[in-house]
1. Pull out all pairs, ordered by first then second residue, where Cβ-Cβ is under 9 Å, the residues are six or more apart or on different chains, the first lies in region 188-202 and is on the phi < 0 side of the Ramachandran plot, and the second is assigned to a helix (DSSP H, G or I) and among the hydroxyl-bearing types (Ser, Thr, Tyr).
2. Looking only at region 331-353, count how many residues are in contact (Cβ under 8 Å) with a residue 40 or more places away in the chain, small (Gly, Ala, Ser) and part of a loop (DSSP other than H, G, I, E, B).
3. Across region 1-35, what is the total count of residues that are farther than 28 Å from ASN76 by Cα and part of a helix (DSSP H, G or I)?
4. Which condition from (1) away from the ligand (no atom under 15 Å from the Cβ); (2) among the β-branched types (Val, Ile, Thr); (3) surrounded by fewer than 20 Cβ atoms within 10 Å (Cβ to Cβ) is the one that ILE334 breaks?
5. What helices (runs of 4 or more DSSP H), lying completely within region 140-248, carry at least 3 residues that are at pLDDT below 95 and either crowded, with 17+ Cβ neighbours inside 10 Å or within 16 Å of the ligand (Cβ to nearest atom) (or both)?
6. Among the listed residues ASP356, ASP346, ASP400, identify the single one that is among the charged types (D, E, K, R) and in contact with a strand residue (DSSP E or B) (Cβ under 6 Å, 6 or more places away or on another chain).
7. Residue check, LEU117 against (1) modelled with pLDDT under 90; (2) part of a strand (DSSP E or B), all met but one. Which one?
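The values are calculated or read from the model by the stated rules, or taken from the named source; none is laboratory data. Computed from a predicted structure; not experimentally measured. FYI the Cβ positions are ideal-geometry reconstructions off the backbone, even for glycines, and counts take in every protein chain you see.
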Amino acid sequence: VFPPELRFATAKLFNRLFNCFSSYCYFDITEIDGVNTNELYNAVQVYLSSSASVAGSRLSLTRALNSSAFTFGLSNNDRLVDTFRGATATWEHVVTQRQAQTFSWRPLPDEKRGFTLRIEKKDKPLILQAYLDHIMDTANDIRRRNQDRLLYTNSRGGAMDSRGHPWESVPFKHPSTFDTLAMDPSKKEEIMADLRDFAEGNAFYQKTGRAWKRGYLLYGPPGTGKSSMIAAMANFLGYDIYDLELTEVHTNSELRKLLMKTTSKSIIVIEDIDCSINLTNRSSKKPPNEPPSEFRAGPGARTGPDDATANSITLSGLLNFTDGLWSCCGSERIFVFTTNRIEKLDPALLRSGRMDMHIFMSYCSFPALKILMKNYLGFDDGELDGEEDGLLKQLEEVIDEAEITPADVSELLIKNRRREKREAIKELLEVLKSRRVEKKKPGSRSAAARKKRLNEELEEEEEEEEEEQEKRALESPKDGGEAMDMCNGKEGGEKGDEN
Ligand SMILES: Nc1ncnc2c1ncn2[C@@H]1O[C@H](COP(=O)(O)OP(=O)(O)OP(=O)(O)O)[C@@H](O)[C@H]1O
């Protein structure tokens, strides 16, 4: 019988009275705020899933897109008590039917969902802001942990997808971890500690005024586990990977745009950096107008002769990418470069701040071999210790001189994994012994001599390539000019005229 206005006024009055005498304050966090989805609602839902346990009598269960984990949440109209800095927070999940006549530009769910947070009035100024920040951070963390890692790669020729994104992604499911990685345990520990320090170093980087990023250079012969190490790093930290194919990037500004479109908590990888951009012939004969080495443009060894003029990323562009102001858009990013030939890289690229940690991925050592034996044949620690025929001892004696990569050892062990364990090990030992004999043969070169010869061959190749480039530049003055433009800031035509 009450008219609606009176009903409303009574309810307001009652509320006021209740608020005056209650020692609690209440906050409603609705799922939809106007017409937008309320981010805080989603965050609270995820956050509470970490407090709700399977032991609860009734929980909602969800699995998000691209996630292999299930999350628990509060069911309709259920309550949960949480504590933060000694204060108690009570959460209630409130679900009511939405009135049919509600008008909206987009279809709204039939149910109106929201959380009500109840905290004591005295705690409000002390904890509310910090508590909400804590909820957002924890939710982001949980989401990242539950979500599958993504592996991004830059689209061919810098093409954008329908959302204007230059990266394409696929779920990243590489099983490599630091447990399965074959390398000296002490070295592994050192790298893991460094990564841990980095990931937890927000306050440190803030305090010291450093950009929150870190560079790792992985170098060593092919097949020693550089890619496996990157996968292990991503799995360890729970970061996504951006695999940057430099030969698909044509200008420094394209490189910068790619960087801007990467997210925080990610690893940006440039594999075989020595093959992707020409950082080699800095000291060898330069054409008269050649700019300083840091500003040289050049084609990658992987690019064909026709790409030479198209690819004009400069070393300075790359240095800016890892170290300049642009590298700090976003935070918590790791740069990993890999190379088989560290001596080919410009020292400017290797200095601390750009590549903070240089990790040598060596041929298979004895501790690494033991890890591979455990991975592939299921050997337990100490299983072969004290054997009569001293298999382990013999392996230890030959492994270093055999100079075999973990990839080759893995292949041998995979081939023999169905055989009896000891038989598989004996065959491995035979292979290692024969490799050692091969290396020691009078005609066979020592490792140092082989390396020297390899370097000579490479230098010869580079000189030939350089001559070829010069010839092409002379034949096509415009192209030659373009390559220089990046540093001189001149129009291609101008430079061409100079030539
Ligand atoms: N240190 C290692 N620990 C475990 N497995 C390894 C290791 N090194 C190589 N392997 C095995 O060998 C295969 C090839 O290794 P990976 O691709 O990681 O080597 P790489 O050093 O990146 O080689 P490249 O320089 O040719 O790219 C991997 O699939 C992995 O199974």
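1. PHE198/TYR205
2. 2
3. Total satisfying the criteria: 9.
4. ILE334 satisfies every listed condition except (3).
5. Qualifying helices (runs of 4 or more DSSP H): 185-199, 226-237.
6. After ruling out the rest, the residue left standing is ASP356.
7. (1)
Conditions (1) surrounded by fewer than 17 Cβ atoms within 10 Å (Cβ to Cβ); (2) more than 20 Å from ASN146 (Cβ to Cβ); (3) modelled with pLDDT of 85 or more, marked per residue:
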site	(1), (2), (3)
ALA43	no, no, yes
SER50	yes, no, no
ARG79	yes, yes, no
THR90	yes, yes, yes
THR96	yes, yes, no
